[in-house]
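Beneath this line is the structure, given in structure tokens, with notes to follow.
What follows draws every value from the coordinates through simple rules; no lab data is involved. Just so it is clear, the model here is predicted, and its values are computed rather than measured. Cβ sites come from the backbone with ideal geometry, for glycine too, and all protein chains shown count toward neighbours.
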Amino acid sequence: MTFSLLGRCARTGQIGAAGATSDIGVGARIQHVAGGGGAVLTQHRTDPRLGPRGLALLRSGCSAVETVAALVASTAHAEWRQLAALDAAGRTAHHHGARVKPARAAAHGRDCVATGNILSNEAVPEAMRRAFEAEPDAPLGDRLLAALVAGEAAGGEHGPVLSAVLEVHGGHDFALADLRVDRAAAPIAELAGLWRDYAPKIDEFVLRATDPDRARGGASGGLEISA
């Protein structure tokens, strides 16, 4: 009951994930992203422990294929897991356990992999791949969101979607964007609104962290209340 995509921007090196599900709080469970390292999805009967384990493998130099193979080999319940990985070079891999419920599917493209379970039809991940690849020069967050919108338009999953997530990492050890709608009637539309408001602020938020003297109001002294 989840459809999601991992994607990389070849121009900037940014890596991110987007996903949606008919349960609450999808962003707390499925995506694990590391700037410069890669990303992992763990879903269906989700085991969040596999995410950090996968990122450690990617950081150690394992490819996406090697990472997914190691995760499958190291869990006692691989038949319940749906996994995907994207490494820093843009290579991808996925795993569908034998007990992952249909419709289930995956689609691999340039710097991206989309996957889903309990889908309305097997064409959903392919629609997400096409949308992600359509504008390769667009900001990564825009492309991830376009993939999510396309997945929903292609049929999404069997049940009504309740939660959605968009996460983007760059060259820092913190997320450039980590936006979540945990329960809503139209979570993907709400997520799109959050991204429209948040995206223009990203550079300023990074500056506050990395060079606060240059941030707006950074040299004024006194008490400043800001995020």
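Taking the residues in region 144-192 that are of a type in the set (D, E, K, R) and surrounded by fewer than 20 Cβ atoms within 10 Å (Cβ to Cβ) as candidates, determine which candidate is nearest to the chain's Cα centre (by Cα).
Asp178
Of the residues in region 15-26, how many are buried (at least 22 other Cβ atoms within 10 Å of the Cβ) and either free of Cβ contacts under 8 Å to residues at least 12 places away in the same chain or assigned to a loop (DSSP other than H, G, I, E, B) (or both)?
Number satisfying all stated conditions: 0.
Is it true that some residue in region 23-41 is among the charged types (D, E, K, R), in contact with a Phe, Trp or Tyr (Cβ under 6 Å, 6 or more places away or on another chain) and over 12 Å from Ala85 (Cα atoms)?
Scanning region 23-41 turns up no residue that is among the charged types (D, E, K, R), in contact with a Phe, Trp or Tyr (Cβ under 6 Å, 6 or more places away or on another chain) and over 12 Å from Ala85 (Cα atoms).
Within region 27-50, work out how many residues are part of a helix (DSSP H, G or I) and closer than 14 Å to Val72 by Cβ.
Adding up the residues that qualify gives 1.
Sort through Ala103, Ala93, Ala107 and tell me the only one that's closer than 30 Å to Ala185 by Cβ and either acidic (Asp, Glu) or within 18 Å of the chain's Cα centre (by Cα) (or both).
Ala107
Give the number of residues within region 27-52 that are surrounded by fewer than 18 Cβ atoms within 10 Å (Cβ to Cβ) and within 21 Å of Thr2 (Cα to Cα).
Summing the residues that are surrounded by fewer than 18 Cβ atoms within 10 Å (Cβ to Cβ) and within 21 Å of Thr2 (Cα to Cα) in region 27-52 gives 5.
Being touching a residue at least 40 places away in the same chain (Cβ under 8 Å) and out of contact with any Pro (no Cβ under 6 Å at 6 or more places or on another chain) is the requirement here; does Gly51 meet it?
no
When the residues of region 53-70 are filtered to those that are in contact with a strand residue (DSSP E or B) (Cβ under 6 Å, 6 or more places away or on another chain) and assigned to a helix (DSSP H, G or I), which remaining residue is surrounded by the fewest Cβ atoms within 10 Å (Cβ to Cβ)?
Checked region 53-70; the qualifying residue surrounded by the fewest Cβ atoms within 10 Å (Cβ to Cβ) is Val65.
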